[in-house]
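Take a look at the structure below.
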Amino acid sequence: MPVFRSIVFSAALAGLIVGVIISIAQFFGTVPLIQQSEVYERKAAATHSHASPANDQDKAHRQESEWEPEEGFQRNAFTVGANILTAIGFALLLTGIYAIRGRHVTWREGLLWGLAGFVVFTAAPGLGLPPELPGMPVADLTARQTWWIATAAATAGGLALLVLIPAAWSAVLGLALIALPHLIGAPVAPESHSAVPAALSHRFIVVVTLTSLLFWALLGVATSLAFERISRSRA
């Protein structure tokens, strides 16, 4: 029970801190780019609606089904809340790993575990499915989710074989696992025109990737420091 409490409390503390910091970074980085993209998306939707007008019943049904938070406080609150919950969820994963390993973890080790999380959950899936702005053409949602999960799992397994088992066969198998999802290929978006400028999309990919790198680096360090401090105080 003390170990479980250490895992939960340290993950909650680290996740809260990192979630708030990343939310601030997003407000200055990704949020303005998303807002710019939404302007192009609304213009394209307005042009499409004028070209093929729908009846009043169809418009009302579309408005009811496409709920989204209002601009301002509500949208910012949802963003911060989602970031904190996401950070706590991944922090539980990291602190669980620290507990299973059963030894003291330094902030440097925490940073390495955080960078491994970046590779597994951002870098590897992003090679096939880069971050997308609103209004960009995308492949089927189920196909994208399946490929993303399979890529993250294969990358995590491959890294574990490379790092934790010092043998030639594990190195070969680990590299094969990491490469397999990319050899199969990610789902391809249908050919269609997007009103979002390519330069804006490229900038968004870079900013999201750097923000994710910051997220995982901070989360690795914060979870290691919190877990060690809480574990020592309970001991």
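Any idea how far the Cα center of the range 10-35 sits from the one of the range 167-235, in Å?
Distance between centres, Cα-based: 16 Å.
Label-point separation (nm) for HIS182 and LEU112, each offset 7 Å from Cα along Cα-to-Cβ?
Distance between label points: 2.3 nm.
Per residue, how many Å² of accessible area does the chain show with a 1.4 Å probe?
Computed with neighbouring chains in place, this is 61 Å² per residue.
Sort ILE17, ILE88 from largest to smallest accessible area, using a 1.4 Å probe on the heavy atoms of the protein chains.
Correct descending sequence by accessible area is ILE17, ILE88.
Leaving out ligands, DNA and RNA but keeping every protein chain, what accessible area does TRP148 have, in Å² rounded to the nearest 10, with a 1.4 Å probe?
Spelled out: TRP148, probe radius 1.4 Å, area about 90 Å².
For VAL172 paired with ARG103, estimate the spin-label separation in nm (one decimal), with each label point 7 Å from Cα along the Cα-to-Cβ line.
2.9
Rank these by accessible area, largest first, 1.4 Å probe: GLU132, GLU109, GLU38.
GLU132, GLU109, GLU38
For mean projected area of the Cα convex hull in nm², the listed values are [x] 13.7; [y] 16.0; [z] 18.0; which was obtained by calculation from the structure presented?
[y]
Calculate what fraction, in whole %, of the accessible area of the chain sits on carbon and sulfur atoms when a 1.4 Å probe is rolled over the protein chains.
Solvent-exposed carbon and sulfur of the chain make up 68 percent of the total.
The values are calculated or read from the model by the stated rules, or taken from the named source; none is laboratory data. Remember, it's a predicted structure, so these values are computed and weren't measured experimentally. As a convention, Cβ positions derive from the backbone with ideal geometry for all residues, glycine included, and neighbour counts pool all protein chains shown. Surface areas here come from the heavy atoms of the whole protein model, side chains and all, with no ligands, DNA or RNA. Shrake-Rupley method; radii C 1.70, N 1.55, O 1.52, S 1.80 Å.
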